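The values are calculated or read from the model by the stated rules, or taken from the named source; none is laboratory data. This is a predicted model, so every value here is computed, not measured. Backbone-built Cβ (ideal geometry, glycine too); neighbour counts: all protein chains shown.
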Amino acid sequence: MANLEKLQLERLRYFPGQDLRARDFREQAAVEAQLRWWHNRAEHGAYGVRFGLQAAPAPVPGGGAPAAVVVQPGLAYDAFGRELVLAMEAQVAVPALAKMLGGVAAPSGAAPRVLTLRYAELGPAAAVPALEPCAGPAKTSGTAALAWRAEDRLRPADGVPLGRLTVQEGHLAWDVAFRQPLASPIVRPRFATGATLAGGTAWTSWTRSVADVPIPLGFQVWIDTRAAGFTRWPCYFAWLQGTLNGGSPPPVPLLEHVGSAFLTGFYFHVLTAWLPSPPRDLSVQGQAQAQALRLARQNLSVGWLGIEGSAAARRPVPLSIEVNHGNL
């Protein structure tokens, strides 16, 4: 099955005493599988060989041309995020040389053949424990099939390439330099959240100097995130909690944003935005800022969320993939 089925994803609900038929269970399993495949693609970027699936020519007495290729059991993910489970060692015959040449005048013009592992539902079987956290139960019969494809006509929908067969000097040759695309390990991002205490947040003045003249902008606070244990630079989100003036409108509008961010924390700035015609007297602005700072220390706190992404290494997804209603 090269293309995804165009299923209308929906949540199935049942009522007590309802008679369930085999079709109900099949539809439930199909919807869950579609959702899992979308999850594998969107969240984990799964494509390529996860483990196993080493391919090599079967030994031939006398060292002649390979007649078959042996593939070890393993797990891979195709371009749709579907799990390709090869539950046991498999052997596939190599294509005939005459078929590879296909009427080409010179053997050098023959297109190499690529051995691919593609999705194939081989029928129901007993479930075994999941091979991956998001893979769902594997099937003892496997969910993959081996097939040869001409390299010049190979598409992402044809599956995951496992090996390459070429024609050299009129003989078949297994490409030992071929490298399978490898799926990056499933690494979930690290999430951490926290909040400061209302009445205990160490707000300070936020100013900028212009021509050696300090201009009051608002107030700020340093948020310490060392307890989260981030090991890579996280992405921070933060927001104000509470009201500045006990539920009454604040003396000036407040604009908040995350400032300088580091592995161990970040600055959270609150800009006391003045009305369209701000007073030119800086002393008046300073008084308003001092009032806002005093109210912030009494009433305002900060909630925050940090997300540490997965490792930078990604799997080599074919750049030509274009998804349109489940087709490549």
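Tabulated values for the structure
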{"item": "Residue check for PRO214: touching a Lys or Arg at 6+ places or on another chain (Cβ under 8 Å) and modelled with pLDDT under 85", "result": "yes"}
{"item": "Pick from the range 68-91, criterion surrounded by fewer than 18 Cβ atoms within 10 Å (Cβ to Cβ) and closer than 14 Å to ARG164 by Cα, ranking: modelled with the highest pLDDT", "result": "VAL70"}
{"item": "Residue pairs meeting the criteria (Cβ under 6 Å; at least 6 apart or on separate chains; first on the phi < 0 side of the Ramachandran plot and loosely packed, with under 14 Cβ neighbours inside 10 Å, in the range 236-251; second at pLDDT 90 or above and not small (Gly, Ala, Ser))", "result": "PHE237/LEU305"}
{"item": "Search result, residues across the range 45-88 that are of a type in the set (Gly, Ala, Ser) and within 16 Å of the chain's Cα centre (by Cα)", "result": "GLY45, ALA46, GLY48, ALA76, ALA79, GLY81"}
{"item": "Candidate set: the range 161-182, residues that are at pLDDT 90 or above and assigned to a strand (DSSP E or B); chosen: the one nearest to the chain's Cα centre (by Cα)", "result": "PRO161"}
{"item": "Scan of the range 251-302 for residues that are at pLDDT 85 or above and in a loop (DSSP other than H, G, I, E, B), ordered by number", "result": "LEU263, THR264, LEU300"}
{"item": "Test: ARG50 is basic (Lys, Arg), under 23 Å from ARG155 (Cβ atoms), out of contact with any helix residue (DSSP H, G or I) (no Cβ under 6 Å at 6 or more places or on another chain) and modelled with pLDDT of 85 or more", "result": "yes"}
{"item": "Residue in the range 12-34 that is farthest from GLU83 (Cα to Cα), counting only those that are surrounded by 13 or more Cβ atoms within 10 Å (Cβ to Cβ) and not small (Gly, Ala, Ser)", "result": "ASP24"}
{"item": "Test: PRO95 is assigned by TED's automatic domain parsing to the domain that holds ARG164, modelled with pLDDT under 85 and of a type outside the set (Gly, Ala, Ser)", "result": "yes"}
{"item": "From the options ALA46, ALA42, ALA55, residue that is on the phi < 0 side of the Ramachandran plot, among the hydrophobic types (A, V, I, L, M, F, W, C) and free of Cβ contacts under 8 Å to residues at least 40 places away in the same chain", "result": "ALA42"}
